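Report on the following structure.
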Amino acid sequence: MRRKWEPAGAAYLFLLPALAVYALWVLLPMGQSLYYSLFAWSGVGEHKTYVGLANFRALVQDAVFWQALGHNAILLIMSLLLQLPLAFLLAVVFTRGLRGEGLFRTVSFAPMVMPTVAIAVLWTFIYAPLEAHGLLNSALAAWGGEGWTHGWLGESDPDLSLWAVIVTVCWRYVGFHLVLFTAGIQTIPEELHEAARLDGATEGQVLRYVTIPLLARVATISATLSLVGSLKYFDIIYVMTRGDGPYPHATELVATYMYKLAFDQQRMGYGSAVAVALFGISLAVAIAFSAGMARRAEASVGG
């Protein structure tokens, strides 16, 4: 009996450093956020006023919070509609044995290894007004005249800035999903594709009836990561527009709103309540999505 338990005990022993780091940097801050969400506190000094669930009741009536959550929903939907299909199509192309496909994969993944601030500065320059020699507006002016130019970051249209930053986010993460889909395609035995072709299937039919079904698990992982990431996204939007731009809250996300409340307005208790709400929403959506995809996979296998 002792011999059976010794390997397990050793495994837990080796896991202790990682578990300690996880507890220190993840579990402890989560507990602190939940604790602070029950208080009215400026974040300065030790004086805190216990308010119970008052912060959460105020959050339900907070129009800015719901506006920011709506922006997160738009980012989520567009990430699923843009990032994943584009990454899948690129993965299909880059696994055809084309010349230079390794270079193309590297270039596609390059945005993932670039610093966030560098990406934000780069795209801010691309979206800059014509008088500031913005790359996109300069190209549009050269192509069709100044009437084609726009204030992409909300200088003229507050709704346009949200779509502009969504394009930036999608541009960065396409390469990440490309790697996942490429790895998934490379694990599919080539014999399955050859068998389908010998049965008279066209390349489109091979893709539809062989490749796509066998990538269901990879697609689920990719979609789940995209979904959770879209709900808690912060960095590029904050650097590019601080969630505002020329118009208040035009590109506000829940994470940027939380940061402003806690650190700009020194409403640490209310900002913590926003953080707890964001965690709960992300967890619920991820669980519901994973459960739905699992049921769908079981149904397809049963069918």
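What follows is calculated from the coordinates using simple rules that are stated; it is not laboratory data. The structure displayed is predicted, hence computed values, not measured ones. Here the Cβ is made from the backbone with ideal geometry for all residues, glycine too, and neighbour counts use every protein chain on show.
Observations on the structure shown:
- L84 being assigned to a helix (DSSP H, G or I) and either farther than 24 Å from L225 by Cα or of a type in the set (K, R) (or both): no
- Any chance T168 is surrounded by 14 or more Cβ atoms within 10 Å (Cβ to Cβ), in contact (Cβ under 8 Å) with a residue 60 or more places away in the chain, closer than 17 Å to G134 by Cα and under 27 Å from the mean Cα position of the chain (by Cα): yes
Residue by residue, here is whether (1) of a type in the set (D, E, K, R); (2) crowded, with 20+ Cβ neighbours inside 10 Å; (3) farther than 29 Å from H193 by Cβ holds:
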{"site": "R57", "(1), (2), (3)": "yes, no, yes"}
{"site": "A73", "(1), (2), (3)": "no, no, yes"}
{"site": "R96", "(1), (2), (3)": "yes, no, no"}
{"site": "E101", "(1), (2), (3)": "yes, no, no"}
{"site": "S108", "(1), (2), (3)": "no, yes, no"}
{"site": "M114", "(1), (2), (3)": "no, no, yes"}
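- Checked against (1) part of a helix (DSSP H, G or I); (2) over 30 Å from L215 (Cα atoms), A73 passes all but a single condition, namely (2).
- A count restricted to segment 115-134 and to residues that are under 17 Å from F234 (Cβ atoms) and touching a helix residue (DSSP H, G or I) at 6+ places or on another chain (Cβ under 8 Å) stands at 7.
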